Amino acid sequence: MTNQADRTADPQGPTFAYLRVSTDAQDVANQKLGVLEYCAQQGFGAPALVEDTVSGKIDWRRRKIGELLAAMPPGSVLVAAEITRLARSTLQVLEMLKLAAEREISVHVVKSRLVLDGSLSSKITATVLALAGEIEREFISARTKEALLQKKASGVPLGRTPGHAAKLSLDEKAAEIDRYLALGLNRRAIAKLCGCSPNTFYRWLQRRRPELLAASEPSASSS
């Protein structure tokens, strides 16, 4: 395993990039940009892009990543923007890494700057990363359900407000925003990280995360 993959590598085989989003409302633009920049830095050249619109909870063998791993020749390089783009569970990530190791495929994770090559140390790292993502999603889910129950108990109607646009400019950064909210960042800081004004971010929260807005207010007021 290489913890800092900043050096230029000389891959033994072709390079493939797996780009996944959960819904049609999202796009892979940010993932694609990061992957292409990484491949250029590592000297891999332009990777073959495989885009997938499917939940990471679906078994990886039934997704394009399963077909890709089965078809990639030995010595190939598989690049993903984040470990959670591969799968949403620790077990699935480890199963993919096991198959990749058996087929002599190196897995590069751009965000973490990691190279997972099937060694024991890389399996430990992959487990920690996947488990952290799993725990984070559990916290977000628990907070969302609790807020919805409180809202329902108070008689506030649930669901999307009719008459608004179906897609907002920050929708493609929804996963990123959820991570920042889970970390407890205030609204001004999150808006800056997303490259928008606090008002734009607040309106997005009102539309997409009304159940979390109340929980983020104390942090926002401290900005």
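We did not get these values from a lab; they are worked out from the coordinates using the rules stated. In this text the structure is predicted, and so the values were computed from the model without any measurement. Please note: Cβ atoms are built from the backbone with ideal geometry, for glycine as well, and neighbour counts cover all protein chains shown.
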Legend entry - Sites residue 166 and residue 40, calculated FRET efficiency, Cβ-Cβ separation with R0 30 Å, nearest 0.05: 0.30
Inset, instruction - Describe numerically, in nm with one decimal, the distance between label points set 7 Å from Cα along Cα→Cβ at residue 127 and at residue 206. - result: 4.7 nm
Inset, instruction - Would you mind getting me the FRET efficiency between residue 102 and residue 199? Use the beta-carbon distance for r and R0 = 45 Å, nearest 0.05. - result: 0.30
Inset, instruction - Could you check the simple spin-label distance between residue 145 and residue 67, using points 7 Å along Cα→Cβ, in nm with one decimal? - result: 3.4 nm
Inset, instruction - Please report the base-10 log of the normalised intensity I(q)/I(0) for the range 15-124, using a Debye sum with one equal scatterer per alpha carbon and no solvent, at each q in 0.19, 0.23 (1/Å). - result: -0.94, -1.42
Inset, instruction - Anything over 25 Å Cα to Cα? Flag those among 123/173; 111/192; 151/192; 145/192; 167/192; 32/64, in the order listed. - result: 123/173; 151/192; 145/192
